[in-house]
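Here the structure comes first, spelled out in structure tokens, and everything after it is commentary.
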Amino acid sequence: MAQQVQGVVAPGRNEPVRVETIVIPDPGPGEAVVKIQACGVCHTDLHYKQGGINDEFPFLLGHEAAGIVESVGAGVTDVAPGDFVILNWRAVCGQCRACLRGRPWYCFDTHNATQRMTLLDGTELSPALGIGAFAEKTLVHAGQCTKVDPAVAPEIAGLLGCGVMAGIGAALNTGNVGRGDTVAVIGCGGVGDAAVVGSRLAGAARIIAVDIDDRKLTKAKEMGATHTVNSRTADPVEAIRELTGGFGADVVIEAVGRPETYQQAFYARDLAGTVVLVGVPTPEMKLELPLLDVFGRGGALKSSWYGDCLPSRDFPVLVDLHQQGRIDLGAFVTETIGLGDVEKAFARMHEGDVLRSVVVL
């Protein structure tokens with residue numbers, strides 16, 4: 001029988017979000033209903049609210065979540081009711097050309113639930129990133145559920161569902177940061193700080209954090225950055241070169257998603273170095289670089305989708321590392337809030353004093 005729960009809906013472009021009654025259908029084949037325990041407020045949710053992703057309003061926001069599987073549909077064998085799971089937005093299909101070539105983190109046909117959640121009047125909702133977890137319960141494809149150690153706090157585990165995984169994966173998976181490497185991270189929000197954590201975990205010798213906000217640079221230092229650069233007062237390219245013997249960094253991770261900062265990343269890398277774009281640009285943005293510079297500098301220019309992660313492989317490992325005290329995922333949680341506080345949390349993003357506000361249910 002369908003259930004009615006409370007959830008946070010973005011009704012239209014730039015309209016304030018509101019808590020509405022959501023109708024959750026029983027799970028169909030391959031689907032699961034998950035009781036949400038915690039969900040981080042990610043910048044991507046704000047992009048949805050602003051119409052920066054698409055215009056398929058109304059949206060059921062929230063995607064960076066953890067909770068308990070309540071029920072599953074026919075054919076589901078990987079998870080069962082009672083399992084503690086982190087939700088992911090790239091449930092690999094196992095059949096597309098990327099999966100069949102052994103590169104499932106590039107899956108081109110990821111799964112979402114087939115049925116739609118609705119408002120009471122039958123209006124179909126578009127769940128953010130196929131999840132919609134600013135709600136007491138949500139309907140997802142069972143492949144979007146990754147079992148992890150239930151001893152970890154939900155508000156910590158859920159952050160691996162998006163931003164923290166994106167940043168750590170940008171360093172470990174996409175950037176292939178290795179022992180002794182020099183790394184620069186441009187943009188020190190939640191994703192950028194996670195890239196700092198990932199670089200430290202990989203054994204980078206020097207991690208240079210770049211931002212225009214000294215508060216964020218202080219936090220990046222706490223997360224493991226060895227040096228900081230305020231790019232409002234200093235040329236970041238010159239500063240990074242000065243800190244790397246005049247050469248530039250082996251890996252530069254751009255966690256802003258703007259042409260200006262991407263150009264800084266491009267010129268701040270060493271010859272044959274790697275640029276990783278993990279910041280999400282908007283559709284109208286254009287990039288212009290001299291093609292001769294692209295050729296002459298060599299190396300690699302990469303984009304990082306979700307940190308090129310494989311949730312079934314990466315989520316449990318990172319939870320274990322947290323439990324062992326080798327990474328502090330709890331450091332990303334600035335505050336816990338209720339469903340009715342999401343609009344205020346979006347406003348706090350612009351104030352620059354939060355890494356993550358987390359909705360706890």
*Name every residue in region 1-28 that is within 19 Å of residue 142 (Cα to Cα), open to solvent by 50 Å² or more (accessible area, probe 1.4 Å) and either acidic (Asp, Glu) or in contact (Cβ under 8 Å) with a residue 60 or more places away in the chain (or both), in order of residue number.*
26
*Provide a single number: the residues in region 335-361 that are within 21 Å of residue 154 (Cβ to Cβ) and open to solvent by less than 60 Å² (accessible area, probe 1.4 Å).*
13
*Quick check: anything in region 286-299 touching a residue at least 12 places away in the same chain (Cβ under 8 Å), outside any loop (DSSP other than H, G, I, E, B), of a type outside the set (A, V, I, L, M) and under 17 Å from residue 173 (Cβ atoms)?*
no
*Residues within region 287-318 that are under 23 Å from the mean Cα position of the chain (by Cα), open to solvent by 50 Å² or more (accessible area, probe 1.4 Å) and charged (D, E, K, R), tallied*: 2
*Residue tally, condition farther than 19 Å from residue 345 by Cβ and of a type in the set (Lys, Arg), over region 14-67*: 1
*For region 99-128, which residues satisfy the criterion of being among the hydrophobic types (A, V, I, L, M, F, W, C) and surrounded by fewer than 16 Cβ atoms within 10 Å (Cβ to Cβ)?*
100, 108, 120
*asked:* I'd like to check which helices (runs of 4 or more DSSP H) are fully inside region 147-241 and have at least 2 residues that are out of contact with any helix residue (DSSP H, G or I) (no Cβ under 6 Å at 6 or more places or on another chain) and touching a residue at least 24 places away in the same chain (Cβ under 8 Å).
replied: 154-157, 190-202, 214-223
*asked:* Need pairs with beta-carbon distance below 9 Å; first residue assigned to a helix (DSSP H, G or I) and within region 334-356, second of a type in the set (Ser, Thr, Tyr); sequence gap 6+ or separate chains.
replied: 341/357; 342/357; 344/357; 345/357; 346/357; 348/334; 348/357; 349/357
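The values are calculated or read from the model by the stated rules, or taken from the named source; none is laboratory data. Since we're looking at a predicted model, the values are computed, not measured. Every residue, glycine among them, receives a Cβ derived from its backbone with ideal geometry; neighbour counts consider all protein chains shown. Areas reflect the complete protein model, heavy atoms only, side chains present, ligands, DNA and RNA absent. Shrake-Rupley method; radii C 1.70, N 1.55, O 1.52, S 1.80 Å.
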